[in-house]
Amino acid sequence: MAGNSFGQAFRITTAGESHGPGNVVIIDGVPPGLPLTVEDLQEDLNRRRPCQSHITTQRDEADQPEILSGVFEGRTTGTSLAILIRNTDHRSKDYGNIENLYRPGHADYSFDDKYGFRDYRGGGRSSARETTARVAAGVVAKKLIDRAFGGRVLAYVTQVGDVQASVPHPEQLTLRDIEQLPDGSPNIIRCPDLAAARQMIERIEEVRKQGDSIGGVAEIVAVNVPAGLGEPVFDKIKADLAKALFSLPAVLGVEYGIGFGCATMRGSAHNDLFTRGTRTNGTTGIVTQTNRHGGMLGGITTGMPMLLRAAVKPTSSLPIEQPTVTRQGDPAVIQTRGRHDPCLLPRFIPMAEAMVALVIADHWLRWQGQQLPAASV
């Protein structure tokens, strides 16, 4: 099976299944000397882990990471970094009734057609359980870009069903704005617009009681990213970001900047005008008065905040009966057992952050490899 690696200079390779022993990621290209502990990894894994609130799946995984190699005395060594997250609460018996049935919205049929058989226990390799490894790798990427240039990546929920949030200044958000309510309690939907957040939770609870699920939109912002990252043809940073986000389970749409809003605009209204001003990192230089280009022009970063959105479909696993077919094509009825999220958005947030951080870290290292020492210029 190909397609388990992502990135060039900062490259990850993952392995694991939903109901196997665990998921592992090997990261190549990590510079030596980067501080890294299990506790660092655990913070984002906790944001992704199941059973974190009443609106997420109740599969109770601790998601405790084990660093197998690449770290010595709390710092990366520059060699391959390997991280393992074991599965401890998988209930494979919940999937015994679908061994010969195709679940609507899942990869069951496509896996059977490609390989001739499949791991039907929770979707096997196609399960979102695989993203634990990506989130762990994303922590390392976040540390790298923070240390290299003060880069920061945050994601948050902007829509659940027909409930839309208003986030006028995403570049000013902090992790606390997304993770906590004013009283210090967890913001379980991870939406910084608190009025919309309450409505989103109500909508999720409503569809869950009906045995259904609901989708939505996540927005991702990256700030303090220097201008110059990305290649102008096939390796545009916007193209790599699109691949990164589309590679996540359940993502059906990706846009950046003004996105599809550009379709109804004229060029004079769409163009961001250049001026001299203060960037998000506090330095002075060339900026744009607006940011409809989402921090990328010609596939290369401009130094303005990078802004992307991902549309996430409703969870396909439903406890209500749905018509389907058997592996032989005979009509049947399926009712998915197991524990599933009524809405994927709250746990999708750290996954999206990880993939965006991985792309930025990779392109920054590639850019560094293109630079001549100052004395040689």
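How big, on average over all directions, is the shadow cast by the Cα convex hull of region 5-376, in nm²?
Numbers: hull surface 84.0 nm².
Reported value for the Cα convex hull: 21.0 nm².
When all alpha-carbon pairs of region 95-214 are counted, what percent fall beyond 26 Å?
Details: 3316 of 7140 pairs.
Here the long-distance tail beyond 26 Å is 46 percent of all Cα pairs in region 95-214.
Taking only DSSP H segments of four or more residues, each worth -39500 (n - 2.57), what value at 222 nm results for the chain once the sum is divided by all its residues, to the nearest 500 deg cm²/dmol? Provide the component values of the computation, followed by the final result.
Numbers: 8 runs with 97 residues, N = 377.
Helix contribution divided over all residues of the chain: -8000 deg cm²/dmol.
What's the ranking of 346-353, 258-265 by average number of surrounding C-beta atoms within 10 Å, highest first?
Values: 346-353: 26.1, 258-265: 11.9.
Peptide ranking by packing, descending: 346-353, 258-265.
Tilt of helix 38-48 relative to the longest C-alpha principal axis of the chain, in degrees (0 to 90, nearest 10)?
Approximately 60 degrees, to the nearest 10.
Give me the aspartates and glutamates in straight-line cross-link reach of Lys313: C-alpha distance below 16 Å, same-chain residues under 8 apart excluded.
Output for Lys313: Asp162, Asp212, Glu219, Glu255, Asp341.
Please determine, in degrees from 0 to 90 and to the nearest 10, the orientation of helix 237-246 with respect to the longest principal axis defined by the Cα atoms of the chain, where the helix direction is its Cα long axis.
Once rounded, one gets 20 degrees.
Taking the Cα centre of the chain as origin and charging only Cβ (+1 Lys, Arg; -1 Asp, Glu), how large is the dipole, in debye to the nearest 20? Show your work: numbers first, answer last.
Details: 40 positive and 41 negative charges, 95 e Å.
I would put it at about 460 debye.
Going highest first, how would you order 216-226, 320-330 by mean Cβ packing within 10 Å?
Details: 216-226: 23.5, 320-330: 11.7.
Sorting 216-226, 320-330 by mean packing, highest first, produces 216-226, 320-330.
Let me see the P(r) profile for region 1-156: every Cα-Cα distance counted, bins of 5 Å, each bin given as a percent of all pairs.
Computed distribution, short to long bins: 2, 8, 16, 20, 18, 14, 11, 7, 4, 1, 0.
Treating each Cα of region 242-377 as an identical point scatterer and ignoring solvent, apply the Debye formula and state log10 I(q)/I(0) at q = 0.14, 0.17 Å⁻¹.
For region 242-377, the Cα-only Debye profile gives -0.87, -1.08.
When ranked by the protection proxy of mean other Cβ atoms within 10 Å per residue, highest first, what sequence do the peptides 294-304, 197-207 form? Don't skip to the end; give the middle numbers.
On the way: 294-304: 21.2, 197-207: 18.5.
Top of the packing list down: 294-304, 197-207.
Find how many whole Å separate the alpha carbon centroid of region 1-37 from the alpha carbon centroid of region 272-342.
About 22 Å separates the Cα centre of region 272-342 from the one of region 1-37.
Here, each number is a calculation from the coordinates, and none is a lab measurement. Quick caveat, the model's predicted, so the values are computed rather than measured. Positions of Cβ are backbone-derived with ideal geometry, glycine not excepted, and every protein chain shown enters the neighbour counts.
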